[in-house]
């Protein structure tokens, strides 16, 4: 900026030394150009000051943030019981309780695999799970149905074993 100000001073001195004045049209233009250049230099000076102020402010924020990060890292290192996921054991138990556990059942009619949530096993009411493709009942949460299908599964396993032996 110092260089710009000195060059602008030299230009103004040159115009005065050459007698450039407001008497001629060219003189008026040159004087206005010098005035505009002077205004531009003032604006650039203000922008430079604003930039330096903002730069120092950002540096201060960066230092504060670095300090805060260091403090948080020290706190995490000081507490060996704390997990990396930032939750305590109670929260972890809740997360496991919230997880949906499921199993699949193959529809005997269309062979589509139907996902069944295990929470219906705990339900005391009898619930039926239908195949979304064909509408056939693929699962009922009562003991009779389970016993019946357990026997069916054993029979199917025996049939498969028999077929393997024949081959």
* Kindly indicate whether any position in region 96-105 is exposed (fewer than 11 other Cβ atoms within 10 Å of the Cβ), out of contact with any strand residue (DSSP E or B) (no Cβ under 6 Å at 6 or more places or on another chain) and modelled with pLDDT of 70 or more. => yes
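Residue by residue, here is whether (1) assigned to a helix (DSSP H, G or I); (2) modelled with pLDDT of 95 or more holds:
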residue: 45; (1), (2): yes, no
residue: 52; (1), (2): yes, yes
residue: 66; (1), (2): yes, no
residue: 69; (1), (2): yes, no
residue: 74; (1), (2): yes, no
residue: 82; (1), (2): no, no
residue: 86; (1), (2): no, no
residue: 92; (1), (2): yes, no
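The values are calculated or read from the model by the stated rules, or taken from the named source; none is laboratory data. Source: prediction; values computed, not measured. Because the Cβ atoms are built from the backbone with ideal geometry, glycine has one as well, and the counts that use them run over all protein chains shown.
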